[in-house]
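Okay, structure first, notes after.
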Amino acid sequence: MATMREAASGAEAIAVNGQRLTSTSAIRTAGEAILSGGRACYANPTILAISTADQYDDRIDIICVSGPGVLEGPAENAALKGTPAGTPGPPSTPVGYLKLAEVLVEKLATAIHTADITDCRPDPLPTLLAIYSELVADEGDLQAHTADVEIHSSHAFTMATLETSCAGSSSEQFTIPAMASRLVTELQAVAYSSGSLRYELYLYTNEGRTTLAYQAGDDAAENAITATAFTDRIPWEWFGGTTIYGTIINYSTDAISTLSLTLKYRK
């Protein structure tokens, strides 16, 4: 990841990975990629100066990434230079910065050694690509419906609930008010009938019900919902305003006495 060397004083340099350099000063990063252990590095080499060691006391400098993603050391930002002391401590990390490393600059030092550098990078976070690859490995086709609650809807929060009904061989319109823009991760429909169930569900963004946001069923009676409990965990975005305009189409001659609809999202 990084290489340290002393500025202007002629000190030798040493990389964090053990590769030693000579003269002047630097922290160098190599390759914007996920390394073993899941930590990222920068693609282009960046040279950061480490000021000359104090004559009387050690100090600790820090290396940070600024909010815009710029790598900085004590030469670029004086706030990253430590104060010499008998028992030195690192300076505070500026607001909006991420600390990557602490560098011990011993008094009268002419070289920075691997042992002088403390890696302060936070524990790695999974990248979207890593998450996607893991899901594909576990689940196969992510476009298919799945009942895996842990993968698709763990920690889901209820977004809206509704109860309605629909006569046999007819359709029924309904609305769900007070909606917020969300990534909907789960739709649950629980229907009850004294006979058979065969219905479809449509959610629209406009009152005229011409702009479709979600559909359960396939515009044909043979592909309609027939189970009492239906759950769909394929995520879809709701940015259609504050009201959902819904329609139930009941293909069965038996009435749907109660249909409970629940939408969930993840924070």
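What the table shows:
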read-out: Cβ pairs under 6 Å, 6+ apart, first in the range 63-89 and in the same structural domain as Ala109 (by TED's automatic domain parsing) and assigned to a loop (DSSP other than H, G, I, E, B), second aromatic (Phe, Trp, Tyr) and surrounded by 12 or more Cβ atoms within 10 Å (Cβ to Cβ); value: Ser66/Tyr97
read-out: Some residue of the range 117-127 being at pLDDT 85 or above, surrounded by 13 or more Cβ atoms within 10 Å (Cβ to Cβ) and assigned to a loop (DSSP other than H, G, I, E, B); value: yes
read-out: Residue list for the range 215-240, filter: assigned to a strand (DSSP E or B) and surrounded by 11 or more Cβ atoms within 10 Å (Cβ to Cβ); value: Gln215, Ala216, Ile225, Phe230, Thr231, Asp232, Trp236, Glu237, Trp238
read-out: Any chance Asp232 is among the charged types (D, E, K, R), farther than 17 Å from Thr158 by Cα and assigned by TED's automatic domain parsing to the domain that holds Phe157; value: no
read-out: Some residue of the range 231-240 being at pLDDT 90 or above and among the hydrophobic types (A, V, I, L, M, F, W, C); value: no
read-out: Yes/no for Leu183 being under 31 Å from the mean Cα position of the chain (by Cα) and either farther than 14 Å from Ile244 by Cβ or among the polar types (S, T, N, Q) (or both); value: yes
read-out: Which numbered condition Arg59 misses (of (1) in a strand (DSSP E or B); (2) modelled with pLDDT under 85); value: (2)
read-out: Which numbered condition Thr161 misses (of (1) out of contact with any Phe, Trp or Tyr (no Cβ under 9 Å at 6 or more places or on another chain); (2) in the same structural domain as Arg233 (by TED's automatic domain parsing); (3) modelled with pLDDT of 90 or more); value: (3)
read-out: Filtered residue count, the range 95-112, keeping only those that are assigned to a loop (DSSP other than H, G, I, E, B), crowded, with 16+ Cβ neighbours inside 10 Å and free of Cβ contacts under 8 Å to residues at least 60 places away in the same chain; value: 2
read-out: Residues satisfying the stated conditions in the range 162-179, i.e. closer than 20 Å to Asp232 by Cβ and either within 27 Å of the chain's Cα centre (by Cα) or aliphatic (A, V, I, L, M) (or both); value: Leu162, Ile176, Met179
read-out: All positions within the range 241-256 that are within 15 Å of Ser193 (Cβ to Cβ) and surrounded by 13 or more Cβ atoms within 10 Å (Cβ to Cβ); value: Ile248, Ile249, Asn250, Tyr251, Ser252, Asp254, Ala255, Ile256
read-out: Options Leu197, Leu203, Leu187, Leu261: the member that is surrounded by 17 or more Cβ atoms within 10 Å (Cβ to Cβ) and outside any strand (DSSP E or B); value: Leu197
read-out: Options Glu139, Glu150, Glu172; residue that is of a type in the set (D, E, K, R) and modelled with pLDDT of 65 or more; value: Glu172
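The values are calculated or read from the model by the stated rules, or taken from the named source; none is laboratory data. Values in this document were obtained by computation on a predicted structure and should not be read as measured data. FYI the Cβ positions are ideal-geometry reconstructions off the backbone, even for glycines, and counts take in every protein chain you see.
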